[in-house]
């Protein structure tokens with residue numbers, strides 16, 4: 001019964017689900033690739049090279065056998081030559097922290113202030129407090145041109161005037177030897193060319209150049225960032241190049257007013273040119289090694305530049321064996337005011353001079369970082 005009933009049921013054909021589409025097969029037909037070598041018309045060649053029609057006509061008249069593509073190449077070469085501009089000189093750097101006050105002054109006055117810096121810091125802070133100022137001076141350090149006072153905040157004009165009045169009213173100090181203090185600025189680098197090695201049979205010196213620049217109207221209101229550096233144009237040349245660094249704004253406005261100007265030094269005409277910034281390799285005034293600044297020195301011992309012993313300059317006669325008294329060897333101490341009798345020994349080049357001497361090869365190559373890098377590798 002059940003078998004007969006099963007045979008009477010209709011058969012139903014259920015269609016199978018289609019397979020999933022293959023992702024690798026593109027649904028859209030590929031477009032026909034463009035031919036690579038398409039001939040351009042003269043108008044298309046002019047638009048692709050941004051040339052005017054007059055230039056195309058001139059080239060076609062001069063070279064009638066050239067095709068449109070060849071005319072386009074000629075115009076492209078012509079336009080590319082016009083875009084070759086002289087590289088811009090990057091002669092201005094960003095300045096140091098504004099929490100510093102730079103005060104140019106004579107070297108002997110700077111040494112006098114630094115020797116009793118703790119007393120001057122206390123007195124300056126009292127003056128600032130009396131003027132109802134909210135800044136505090138932290139410490140004083142010497143530079144080649146004067147001193148730098150580090151403060152807790154950037155100083156304003158009233159603070160600068162207070163510091164200036166205190167320094168100029170110090171006892172046994174010539175107020176004319178202390179210039180007006182100013183905040184750090186950016187630094188611009190320039191060079192002066194057209195000068196001989198000798199003027200009136202005398203070799204020109206940095207002090208001579210600095211005095212001339214102060215008297216020249218071009219440098220009125222311009223503050224030198226360091227002493228001028230004089231280097232021969234070549235080893236056998238009788239001409240020199242004077243490198244000058246000045247404090248400037250970030251836009252280099254002061255340097256732009258001086259660049260390409262000329263002035264007289266004696267009977268010679270000097271020309272001021274801009275040069276790429278090159279701060280040079282710093283020399284530490286604590287350990288007298290090259291490659292790092294004094295503030296970043298990791299040495300816990302201060303050394304003297306002349307004998308490289310573990311003492312500062314002020315205690316050289318008391319601590320150095322060459323100058324102190326030695327009764328066993330019947331050696332008398334060097335008298336005050338007399339020069340040291342011993343031979344200096346540079347710890348960098350091992351020459352017979354002190355570590356900060358201008359005749360040291362390290363100083364002569366202070367702007368050659370590759371030279372210092374080779375010397376550093378020789379030590380290891």
Answer with yes or no whether residue 192 is buried (at least 20 other Cβ atoms within 10 Å of the Cβ), modelled with pLDDT of 90 or more and in contact with a strand residue (DSSP E or B) (Cβ under 8 Å, 6 or more places away or on another chain).
yes
Of everything in the range 94-109 that's surrounded by 15 or more Cβ atoms within 10 Å (Cβ to Cβ) and out of contact with any helix residue (DSSP H, G or I) (no Cβ under 8 Å at 6 or more places or on another chain), which residue is nearest to residue 226 (Cα to Cα)?
104
Within the range 222-234, how many residues are out of contact with any helix residue (DSSP H, G or I) (no Cβ under 8 Å at 6 or more places or on another chain) and more than 17 Å from residue 193 (Cβ to Cβ)?
3
Meets criteria (part of a helix (DSSP H, G or I), over 29 Å from residue 254 (Cβ atoms), at pLDDT 90 or above and under 32 Å from the mean Cα position of the chain (by Cα)) for residue 121:
yes
When you go through 128, 112, 183 one by one, which is the residue that is over 25 Å from the mean Cα position of the chain (by Cα), surrounded by 15 or more Cβ atoms within 10 Å (Cβ to Cβ) and touching a residue at least 60 places away in the same chain (Cβ under 8 Å)?
112
Hits in the range 134-162 (condition: in contact with a strand residue (DSSP E or B) (Cβ under 6 Å, 6 or more places away or on another chain) and farther than 11 Å from residue 99 by Cβ)
139, 140, 141, 145, 146, 147
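The values are calculated or read from the model by the stated rules, or taken from the named source; none is laboratory data. All values reported here derive from a predicted model rather than from experimental measurement. Every residue, glycine as well, gets a Cβ built from its backbone with ideal geometry; the counts of neighbours run over all protein chains shown.
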